[in-house]
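This report refers to the structure that appears directly beneath it.
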Amino acid sequence: MVPEGRPDGAGAGEESARLQAAGSVRKGCDLLANSQHGCLQSRRAQIHQQINRELRMRTGAENLYRATSNARVRETVALELSYVNSSLQLLKEELEGLDGNVDADQPPSEGITVPMIPLGLKETKQLDWATPLKELISGHFGEDTASYEAEIRELEDLRQAMRTPSRSEAGLELLTAYYNQLCFQEARFVTPARSLGLLFHWYDSLTGVPAQQRALAFEKGSVLFNIGALHTQIGARQDRSCPEGTSCAVEAFQRAAGAFSLLRENFSHAPSPDMSPASLSMLEQLMTAQAQECVFEGLLLQAPVAPHDCLAQLHLAQEAAQVAAEYRLVHQTMAQPPVRDYVPFPWTTLVHVKAEYFRALAHYHAALALCDGAPVAEAELPALEQIFLGLPPSSEPRGPALPQEQEDRRKLGKAHLKRAILGQEEALRLHAVCRALRRVDLLQVVLAQALRRSLAKYSELDLEDDFCEAAEAPDVRPKTQRRPEGRAPSFSRVKVADIFHRLGPLSVFSAKNRWRLAGPIHVARGEGGFGFTLRGDAPVLIAAVVPGGRAAAAGLKEGDYIVSVNGQPCRWWRHADVVAQLRGVGGEGVSLQVVTLLPGTEPPGSGDRRPALGALLRSQKECGRETPGPAQASPRPLLGWNRKAKRGKAGRRLSPAPHP
């Protein structure tokens, strides 16, 4: 059967139309994608140009700041530097958002949360580690500097990467790894009487004013500050409309508070305002308040609270009052000198807005408990009176008891709503005063939404024949089920190895000790062995030399450290490894290289008894530092710059040299 044919014109025309339509759709999608990508690229280019312009302005202002001695000129330049610093932080945050905008096509979250305050990172200039380290490696350690080019380059690359960490866990790991390396370098190359000779240059995070010091402690403190600042940025970027986001934000702000607390306790002579004790205390309080706010948001997300659940509404009222109390404390700290001189005005205003907002929110939930809540049992009345009347748990009521009649509860609830409305109006007024906050549309949406909700509830309670003005509502007593405490950064989470481990164990081979290298020394085996006794690990110590024996005749002395056996470096060998190597030696004897500590050096394990700047000392296992050899070095983990961790003597063995 022959199939029926179609007219060529009609079939071809339909097929062509379909192909053209499909091609138009694909072309339109490609153009849309290309246009979106082009807009992002164009904006990135603009931001980079603006950043370069701000950097040039900062360089000029910095040069003028250092050159002039006129107080008024320095004050004007410092103000200009603060503006430039703020602009740079905003531009870099926007650039980070564009670079990480992988979900640009996703719809925004439906949850509306109050914005948080992130802290900008301290910036630093490029640093040349090569010159001072080569001088030390050559002059003090007696090593060929050419063989340590790779180690020096690795340290410089790590610092260069640390200057621009990503706003993520990877950025935290990078900062922590560099911090741990600084602890190794401090333990190996720095002494109380001698620094590296490097000039560490950092910009203040709050003011942008440059500061510099030659102490490696300033570098460590600045990196620790950036660890805390990066935690604040991670916490502020969490999606707090879901329980997982609020939990992550709470932990991030707790870590930030812990970092600033650690820095405040261990760094006393700060050359920049952001690392002064007053600033660090303020930052610690601010991050604790923001963590408390996230705790409150998490309680709201756990399970919707029914309006008629009186106790649940009262607990929310107390939680909101706790957040308000935390922010009032932060605002008081920000308003005191010298902090008020360099804290950004939008920060102070936002903290004040939040204090008013959450205090009003506490009164709103108290009003819901009174007006919509079911009657409570008589046994629960003391707890309710503590909340409303602000009484401690065991005190007698100082005034009227909590009303039980429905009409009286309505009037008291109305009084709480009135205070809620006044507080929300005050928060909106403060928001409108600050020009920077007026650009934060999300904050205005939250405040306006809360005010509309309170006004709607107030209109329900405001009866036409209600001419009796209710008494002033009492304050809601602050209380929380979970008070977030500061948590120190987890240094042990990032395991690092000493970059310069080839120089030897830190217990001996550091700038604090001086030694003399002897050898190779040939020691023949006698009838009683080699004539010496070994002790310890990495490096193995000659604990005793038999008088008149082969070792004494060869020139070995008690207290020498064996660093080479038959040409094999053994600085990191264990006691058993050295003994096994000596047992395998034949009648021809063994060739040893040893180092002898010179007078005036500190015996390994004795510890430095000079007073420490910080009291926080941790073992190497706690701080996550690793050495590639069997013996674990214990560099100072935090900022206790003048103290050395004691080496444990457990496990040290006293063994004679092996017999034939």
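Annotations for the structure displayed:
- Out of Pro277, Pro243, sole residue that is within 23 Å of Lys479 (Cα to Cα), surrounded by fewer than 19 Cβ atoms within 10 Å (Cβ to Cβ) and at pLDDT below 95: Pro243
- Lys134 at pLDDT 90 or above, outside any helix (DSSP H, G or I) and open to solvent by less than 70 Å² (accessible area, probe 1.4 Å): no
- Pro505 part of a loop (DSSP other than H, G, I, E, B), in contact with a His (Cβ under 9 Å, 6 or more places away or on another chain), within 23 Å of Gln185 (Cβ to Cβ) and at pLDDT 85 or above: no
- Test: residue in the stretch 197-217 that is touching a strand residue (DSSP E or B) at 6+ places or on another chain (Cβ under 8 Å), assigned to a helix (DSSP H, G or I) and closer than 25 Å to Asn63 by Cα: yes
- Filtering the stretch 456-479 to residues that are open to solvent by 80 Å² or more (accessible area, probe 1.4 Å) and modelled with pLDDT of 85 or more leaves Asp475, Lys479.
- Test: Ala497 is open to solvent by 40 Å² or more (accessible area, probe 1.4 Å) and closer than 30 Å to Gly413 by Cβ: no
- Any hit, the stretch 590-600, residues being assigned to a loop (DSSP other than H, G, I, E, B), over 22 Å from His501 (Cβ atoms), modelled with pLDDT of 80 or more and open to solvent by 60 Å² or more (accessible area, probe 1.4 Å): no
- Within the stretch 536-561, the only residue that satisfies the criterion of being surrounded by 17 or more Cβ atoms within 10 Å (Cβ to Cβ) and of a type in the set (Lys, Arg) is Arg550.
So that you can scan it fast, the table gives a plain yes or no per residue for (1) open to solvent by less than 30 Å² (accessible area, probe 1.4 Å); (2) of a type in the set (Phe, Trp, Tyr); (3) over 19 Å from Leu299 (Cα atoms); (4) without any contact (Cβ under 8 Å) to a residue 60 or more places away in the chain:
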site: Pro338; (1), (2), (3), (4): no, no, yes, no
site: Pro344; (1), (2), (3), (4): no, no, yes, no
site: Trp347; (1), (2), (3), (4): no, yes, yes, no
site: Lys354; (1), (2), (3), (4): yes, no, no, no
site: Phe358; (1), (2), (3), (4): yes, yes, no, no
site: His363; (1), (2), (3), (4): yes, no, no, no
site: Ala366; (1), (2), (3), (4): yes, no, no, no
site: Cys371; (1), (2), (3), (4): yes, no, yes, no
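- Any pair with Cβ under 6 angstrom, 6 or more apart, that starts in the stretch 297-324 at a residue that is within 15 Å of Ala360 (Cβ to Cβ) and open to solvent by 20 Å² or more (accessible area, probe 1.4 Å) and ends at one that is modelled with pLDDT of 90 or more and hydroxyl-bearing (Ser, Thr, Tyr): Gln322/Thr480
- Those residues of the stretch 499-521 which are under 31 Å from the mean Cα position of the chain (by Cα) and of a type in the set (Val, Ile, Thr), in sequence order: Ile499
- Unmet requirement for Ala427, which otherwise passes all of (1) modelled with pLDDT of 85 or more; (2) in a helix (DSSP H, G or I); (3) open to solvent by 50 Å² or more (accessible area, probe 1.4 Å); (4) under 27 Å from Cys310 (Cβ atoms): (3)
- Leading residue by the ranking (farthest from Leu119 (Cα to Cα)) among those in the stretch 239-266 that are touching a helix residue (DSSP H, G or I) at 6+ places or on another chain (Cβ under 6 Å) and without any contact (Cβ under 8 Å) to a residue 40 or more places away in the chain: Arg264
The values are calculated or read from the model by the stated rules, or taken from the named source; none is laboratory data. Every value quoted in this text rests on a predicted model; they were computed, and no experiment measured them. So basically every Cβ, Gly included, is an ideal-geometry build from the backbone, and we count neighbours across all protein chains shown. Note: areas computed on protein heavy atoms with side chains; ligands, DNA, RNA excluded. Shrake-Rupley method; radii C 1.70, N 1.55, O 1.52, S 1.80 Å.
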